[in-house]
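Below is one structure; the comments refer to it alone.
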Amino acid sequence: MCGIFGTINGSDAAPVLLDGLGRLDYRGYDSAGLAVLDKTIAVRKLGGSVDALASLIRVRPAEGRVGIAHTRWATHGAATSENAHPHVFDGIAVVHNGVIENHDAIRTRLQQDGHEFQTSTDSEVLPHLISHHRRRGQSAVVAVQSALGEVHGSYAVAVLMEDIPDLLIAGRRGSPLVVGHDEDGGYIASDPAALAGYCAQYAALGEGALALVARGAVLVMDQTGAAETPRWQQVPSLTTVRRTGAGAHMAAELAEIPAAVAATLAAADRRVGRTGLEAGGTVLLTACGSSRHAAAIGAHWLEHWAGVPTRVEIASELLHRPTLLAEAAHLVALSQSGETADTLAVVRMAAAASVPTAAIVNVAHSQMAREAGTVWPTLAGAEQAVAATKSFASQLAVLARLSLDVAEARGTLSPVEAVFRRRALERLPSWLGQVLDGVDHDALSEAVKVLARARTALAIGRDIGAEIAAEAALKLAELAYLPTLAVPAGELKHGPIALLEPGVPVIAILIHGPTLAKQVVSLEEVAARGAGLILIGDDAALTATHGIAALRLPLPPVADAVAWAALPLGVGVIVQRLAMMTALARGLNPDRPRNLAKSVTVE
Ligand code: G6P
């Protein structure tokens, strides 16, 4: 995580850096800072957002035509202005994304040489280490190479030096970094989308590569130090939008779900050939956060329609299960950003074990999209709120479609039935529009009131409902800071039922089907303990619970042919909206919850 931006283009650097950082703050927003050079380096940084940094610069302008900037998600050290980047020592300013695992050893060694440190952050050792090598006679570039060569762990860095005002140095290993230039300027960024409007082409730096970025030119060296011809690619057009106001991004992105699902299904229509999943053997789905919840729902569909044995594993855990991975017939990774470090590491591990890989990914130019054997894209567009909404819905659209395609290829669904079911999926966008527009506002407000004053909550469901309960619990915890325990309804009686008492709301996800009768029994058990119930589901399911006192949030009616996919998607929309509104009712900004980042590029 952390966003890096650097510019050297002959114009006032600070506004360019602030603009770049504003496009990158999805990578972290604990603290922000920049360094610009005009004979000497001027630094402005604070524990706070990019907007706060912009306000600081209005009060204390920073002049210079070359500079580097950083928006941070803290790994080592609190989100304070001292710990914010850039770190500067001896006329050398550095911004860093990644984790320096051996920073303690480097610090101790440098301290013995007389270096004094201001912070306990891993990143602060970098300018000291570069200075150490320069003082021993190395040139600027060689000193950066030497310093980075000593680092264990991951890094993307941009370096600005007082005595070399016409050059920025960029380097990466593990963490992403791209460079670009036009006739007059040179740029560095964590994400090529941040370069839109500044240059037309970018090159992604390879593992261990170093780049010298000057006005109008970029020189790239590979990890051996040999000059390398950059592979130039088109900078994606600017898709991010500046929105102000708590929850403005999340509300807009929820409203964009129908369009995102429609675009994603249209892209799936253009797919040709078989998926590879029909070959037989276990399909392993892996992801983190909400993407994992989408995977878990998709696993039910793949098993139901195509009879494919499917496992879902959290990416960071799968990394410790090489046997499980090596035994899989196919690995499918799901990621909005396409750069979540844990998920990317699993893709690499699978490739190394010769397991075919596919990625369901939203950011087309991401590392995962580049590395996976096959890409099944979601076309949700830029998602800027930290919490997944339209990307989650789009992942479900891909998985629904994939389940039908695999089922047809395996013969568990006849071609006629497959065409019928595929066409039925086309009704999803307009129905999801009804879910968004037709929600019972009074019931929703009442549910929000209950959740906003609760100290803890439970979310229950069975079968696919249990997976959506997990998504509800994640969203309430991350956005509204409401500790919510997700429990498959059948497990309630094996422990979590002890938590029930008046004032502990229980959200129950209800989708009609064979498990409904059993779930009604669980609801009776909850009601008998005086806990308040919030029921979210389709009409048929809610009708079956009419004897139980509860707040009800029903979905609009949906055609049978598509209900299997529509209902999980629809309930997902409602729980995400509920969590957003609960956050707002608690005075929180659901777009930028504390301690989180949208793109998690450290393991
Ligand atoms: C972060 C975000 C979550 C997201 C998860 C996985 O934790 O806050 O909203 O679901 O990363 O991200 P990915 O980009 O891989 O889907």
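The values are calculated or read from the model by the stated rules, or taken from the named source; none is laboratory data. These numbers come from a predicted model, not from an experiment. So basically every Cβ, Gly included, is an ideal-geometry build from the backbone, and we count neighbours across all protein chains shown. Keep in mind that these areas ignore ligands, DNA and RNA; they rest on the heavy atoms of the full protein, side chains included. Shrake-Rupley method; radii C 1.70, N 1.55, O 1.52, S 1.80 Å.
Scanning the range 379-416 for residues that are charged (D, E, K, R), more than 13 Å from the chain's Cα centre (by Cα) and closer than 24 Å to residue 472 by Cα turns up just one, 401.
Take residue 167 and decide whether it is open to solvent by less than 10 Å² (accessible area, probe 1.4 Å) and modelled with pLDDT of 95 or more. Considered against the rule, which asks whether it is open to solvent by less than 10 Å² (accessible area, probe 1.4 Å) and modelled with pLDDT of 95 or more, residue 167 comes out as no. Scanning the range 564-603 for residues that are away from the ligand (no atom under 16 Å from the Cβ) and open to solvent by 10 Å² or more (accessible area, probe 1.4 Å) returns 564, 581, 584, 585, 586, 587. Yes or no: the range 472-480 includes at least one residue that is without any contact (Cβ under 8 Å) to a residue 40 or more places away in the chain, small (Gly, Ala, Ser) and not assigned by TED's automatic domain parsing to the domain that holds residue 568. Among the residues of the range 472-480, not one is without any contact (Cβ under 8 Å) to a residue 40 or more places away in the chain, small (Gly, Ala, Ser) and not assigned by TED's automatic domain parsing to the domain that holds residue 568, which makes the answer no.
Only strands (runs of 3 or more DSSP E) wholly contained in the range 179-244 count here; list those with 2 or more residues that are among the β-branched types (Val, Ile, Thr). If you could, list the steps in order and put the result at the bottom.
Values: elements: 186-189, 201-204, 210-214, 217-221.
The qualifying strands (runs of 3 or more DSSP E) are 217-221.
Among the conditions (1) part of a helix (DSSP H, G or I); (2) open to solvent by less than 30 Å² (accessible area, probe 1.4 Å); (3) small (Gly, Ala, Ser), residue 67 misses just one, which is (1).
Answer yes or no as to whether residue 103 is touching a residue at least 24 places away in the same chain (Cβ under 8 Å) and out of contact with any Asp or Glu (no Cβ under 7 Å at 6 or more places or on another chain). Walk me through how you get there before you give the answer.
Working: touching a residue at least 24 places away in the same chain (Cβ under 8 Å): yes; out of contact with any Asp or Glu (no Cβ under 7 Å at 6 or more places or on another chain): no.
No, not satisfied.
Taken together, the residues in the range 266-296 that are more than 16 Å from the ligand (Cβ to nearest atom) and part of a loop (DSSP other than H, G, I, E, B) amount to 10.
Of the residues in the range 485-499, none is in a loop (DSSP other than H, G, I, E, B) and surrounded by 14 or more Cβ atoms within 10 Å (Cβ to Cβ).
Those residues that are part of a loop (DSSP other than H, G, I, E, B) and open to solvent by 20 Å² or more (accessible area, probe 1.4 Å), I need them from the range 120-142; list them, please. Before the answer, list the steps.
Narrowing the range 120-142 to residues part of a loop (DSSP other than H, G, I, E, B): 120-124, 136-139.
Result: 120, 136, 137, 138, 139.
Picking from residues in the range 413-433 that are in contact with a helix residue (DSSP H, G or I) (Cβ under 9 Å, 6 or more places away or on another chain) and of a type in the set (A, V, I, L, M), the one that is surrounded by the fewest Cβ atoms within 10 Å (Cβ to Cβ) is 419.
Do we have any residue at all in the range 380-397 that's polar (S, T, N, Q) and over 24 Å from residue 568 (Cβ atoms)? Yes - at least one qualifying residue is present in the range 380-397.
Restricting attention to the range 265-287, the residues that are buried (at least 20 other Cβ atoms within 10 Å of the Cβ) and either of a type outside the set (S, T, N, Q) or closer than 18 Å to residue 387 by Cα (or both) add up to 7.
Of all the residues in the range 331-379, those that are of a type in the set (Ser, Thr, Tyr), farther than 18 Å from residue 293 by Cα and surrounded by 22 or more Cβ atoms within 10 Å (Cβ to Cβ) number 2. Is there a residue in the range 456-467 that is part of a helix (DSSP H, G or I), buried (at least 18 other Cβ atoms within 10 Å of the Cβ) and not aliphatic (A, V, I, L, M)? Yes: the range 456-467 contains one or more residues that are part of a helix (DSSP H, G or I), buried (at least 18 other Cβ atoms within 10 Å of the Cβ) and not aliphatic (A, V, I, L, M).
Only one of 487, 448 is outside the structural domain of residue 250 (by TED's automatic domain parsing), within 22 Å of residue 556 (Cβ to Cβ) and modelled with pLDDT of 95 or more; which?
Within the list 487, 448, the selection yields 448.
For every residue, the table says whether it meets (1) assigned to a loop (DSSP other than H, G, I, E, B); (2) touching a Gly at 6+ places or on another chain (Cβ under 8 Å); (3) at pLDDT 95 or above; (4) open to solvent by 10 Å² or more (accessible area, probe 1.4 Å).
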| position | (1), (2), (3), (4) |
| --- | --- |
| 519 | no, yes, no, no |
| 522 | no, yes, no, no |
| 526 | no, no, no, no |
| 534 | no, no, yes, no |
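Within the range 536-563, the set of residues being open to solvent by 10 Å² or more (accessible area, probe 1.4 Å), among the β-branched types (Val, Ile, Thr) and within 34 Å of the chain's Cα centre (by Cα) comprises 558 only. Selection of the range 543-592 for residues being among the basic types (Lys, Arg) and at pLDDT below 95 yields only 592. Counting only strands (runs of 3 or more DSSP E) that fall entirely inside the range 329-395 and contain at least 1 residues that are more than 8 Å from the ligand (Cβ to nearest atom), of a type outside the set (Gly, Ala, Ser) and closer than 30 Å to residue 588 by Cα, the qualifying elements are 357-361.
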